[in-house]
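Just so you know, all these numbers are worked out from the coordinates, no wet-lab data involved. Quick caveat: nothing in here was measured; it's all calculated off a predicted structure. Cβ sites come from the backbone with ideal geometry, for glycine too, and all protein chains shown count toward neighbours.
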Amino acid sequence: MNAKHLGHDHGIRHWVNEGKRIAADRKRRIQRTKNWKFDTIATHGLYDIQQATHLNNGSIIEPIYMSSAQAFHGFDEMEVALAYQMPSWTYSRIANPSTFFLEETVALLEAYGTGLDTGCVACSSGMSAIRSAIEPFLINDKSLPTPNFVSTSRVYGGTFQQFHERQMGDKGIEVRWVTDNLDMDEWISKIDKETRFLYGEMPSNPAVALFDIEKIAALAHSHGIPLLVDATCASPALLRPLEFGADIVVQSASKIMAASGFSIAGTVTAKHNIVSKVGPDEMKADFATWMKLIPYRDNGPTLSPFNAILTLNDLRSLRSRAAQMSESALTIAQFLEAHPKVASINYPGLKSHTQAGIADKYLTLVDSQNKNGKSQNAYGYMLTFEVQEKDPYQPNNTRVFYDNLDMIWRATDLGRVKTVATIPAISTHQQQGEKGRELASILPNHVRLSVGIEHVDDIITELDHALCKI
């Protein structure tokens, strides 16, 4: 072996060892951070004084790395980095320091209080996160029958379209809809040897429907498949599905996690050692890292570094916003329940809600324990109600109400610091058609209200003014 080759070998060993040192230091920081409270994790994540002074000129706020690529010291470091033998970001389609800051924080928040080891991948949108999360389980495996998956029917309209049109329509992968989320027999009846995963949205958008995560996770695992949960309308401040047995959580971080409304983002957070009928051992051991280094790298659903930092900045105040918005939403729901122009109201915090028991079990404000150790329930920022109509399929009163809103925004957004009202039948769920809306129990006179951080009295005054125009 010539001297030049020996030098290369020495360089390789140096950078492999450097990678081990970086990984060990990250593990140390994760273990330290797990001892912090939720708000402290949301504020700091893994970014500390050491990183600031050694890497970022002392900046106490995480920097935005807008560069598309990372430079290397030389041949050996590049070879080791691109062989995934040391942590690097290499190219912003694969990774970026700014997205790392967000991913590390979200991974810790989703696993808060569980002791679980988790990983997170940030995506360009919530829809991108859903696709990135499900497709590894739908691969063509010749040793197995054609795949199907089982999902609650009460999901966001975009999710319905992705499942019904893009997976079933385009690829022939059957989605089997569960219409009664709490009916275990219906879940069981939909699963067979071809089923690759179970999927649920909780609380669902816009029906605010719930399901028993713990029971469905146990059911999934009994069949050797994972449970995936979209918890966008709760956020980790109110619900952490991994705590109850779910394997993977997706978030449209564009909502309450990035409530200022400046960014579109999604996250996929997975615990280590998930169950699956398909995929390599590396995927099952650490789904998020495997996803980032393989399919995410190849498909490119990348989050902008700028949007990553905007989302991270909003995330710092997540818990306090979730508490205020939930408190206001409950007060507004109680007002609407008693209003003569409202036919029905759907909010899990109301005693009249058909799934109130499930809501009380799962929807609690993080770090809100009293002296007896009991956590405070908080039911989220979203509610739906039906405007009083002679015929709900002729929503004349609904139109009058909606057009008379002034302070409340007429838009399709939700989870914002500003209150937003939407008519799902003509907006978020329009494209899934009448049969699809019927499957999801969405009528033309349904109004979805996303409660912001305005004073609750002003929101109620606005709603009353618009309803009294009917």
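For the range 96-315, a crude dipole built from +1 on the beta carbon of Lys and Arg and -1 on the beta carbon of Asp and Glu, taken about the Cα centre, is about 320 debye to the nearest 20.
Between Phe335 and Asp170, the FRET efficiency estimated from the beta carbon spacing at R0 = 41 angstrom works out to 0.40. Put the Cα centre of the range 307-377 next to the Cα centre of the range 87-103 and the gap is 34 Å.
Ranked for footprinting exposure by Cβ neighbours inside 10 Å, fewest first, Arg176, Arg416 give Arg176, Arg416. In order along the range 337-354, phi translates into HN-Hα couplings of 4, 9, 7, x, 8, 10, 7, 7, 9, 10, 8, x, x, 7, 5, 7, 5, 5 Hz, rounded to whole numbers, per the Karplus curve 6.51 cos²θ - 1.76 cosθ + 1.60 with θ = phi - 60° and x for Gly and Pro.
Amide H to amide H distances under 5 Å link Ser344 with Glu386, where only residues 5 or more positions off or on other chains count and H is placed in the peptide plane. Taking amide hydrogens as placed 1.01 Å from N in the peptide plane, the amide H of Phe197 sits under 5 Å from those of Val150, each at least 5 positions away in sequence or on another chain. Charges were assigned to the Cβ only: +1 to each Lys and Arg, -1 to each Asp and Glu. The resulting dipole of the range 305-394 about its Cα centre is roughly 360 debye. Under the convention that each Lys and Arg Cβ holds +1 and each Asp and Glu Cβ holds -1, the size of the dipole of the chain around its Cα centre is about 700 debye.
Of all DSSP beta bridges confined to the chain, the antiparallel ones make up roughly 60%.
Applying 0.36 nm per residue to the separation of Glu135 and Glu214 and subtracting their alpha-carbon distance, the gain on full extension is 26.1 nm. Applying the criteria of a DSSP loop state and at most 16 other Cβ atoms within 10 Å to the chymotrypsin sites (Phe, Trp or Tyr not before Pro) of the range 10-80 yields Trp36, Phe72. For trypsin sites (Lys or Arg not before Pro), the sites in the range 186-216 that DSSP calls loop and that have at most 15 other Cβ atoms within 10 Å are Lys193.
Summed over qualifying helices (DSSP H, 4 residues or more, each -39500 (n - 2.57)) and divided by its residue number, the chain shows a 222 nm mean residue ellipticity of -11000 deg cm²/dmol.
So if R0 is 35 Å, what FRET efficiency would Leu293 and Lys34 give, r being the distance between their Cβ atoms, rounded to the nearest 0.05? With R0 = 35 Å, the Cβ-Cβ based efficiency is 0.90. Amide H contacts of Ser368 (H built 1.01 Å from N, in plane; Pro and chain starts excluded): Gln376 sit under 5 Å, all sequence-distant by 5 or more or on other chains.
Length available on full extension from Ala343 to Ser320: 0.36 nm per residue minus the Cα-Cα distance, which gives 5.1 nm.
The count of lysine pairs in the range 318-467 whose Cα atoms are under 22 Å apart, excluding pairs fewer than 8 places apart on the same chain, comes to 7. Compared with the direct C-alpha span, the chain from Met78 to Ala285 gains 71.9 nm at full extension, assuming 0.36 nm per residue.
Neighbour counts of other Cβ atoms within 10 Å put Glu110, Glu337 in the fewest-to-most order Glu337, Glu110. Note that the range 279-288 has calculated 3J(HN,Hα) couplings of x, x, 4, 4, 5, 5, 5, 8, 4, 5 Hz, one per residue in order, obtained from phi through the Karplus relation 6.51 cos²θ - 1.76 cosθ + 1.60 (θ = phi - 60°); glycine and proline are x.
Approximating the spin labels as points 7 Å out from Cα along Cα→Cβ, the Ile22-to-Ile470 distance works out to 5.9 nm. Relative to the longest principal axis of the Cα atoms of the chain, the long axis of helix 3-33 makes an angle of roughly 30 degrees. Using a Förster distance of 25 Å, how high is the FRET efficiency between Asp183 and Ser352, based on the Cβ-Cβ distance and rounded to 0.05? In this case the efficiency is close to 0.75.
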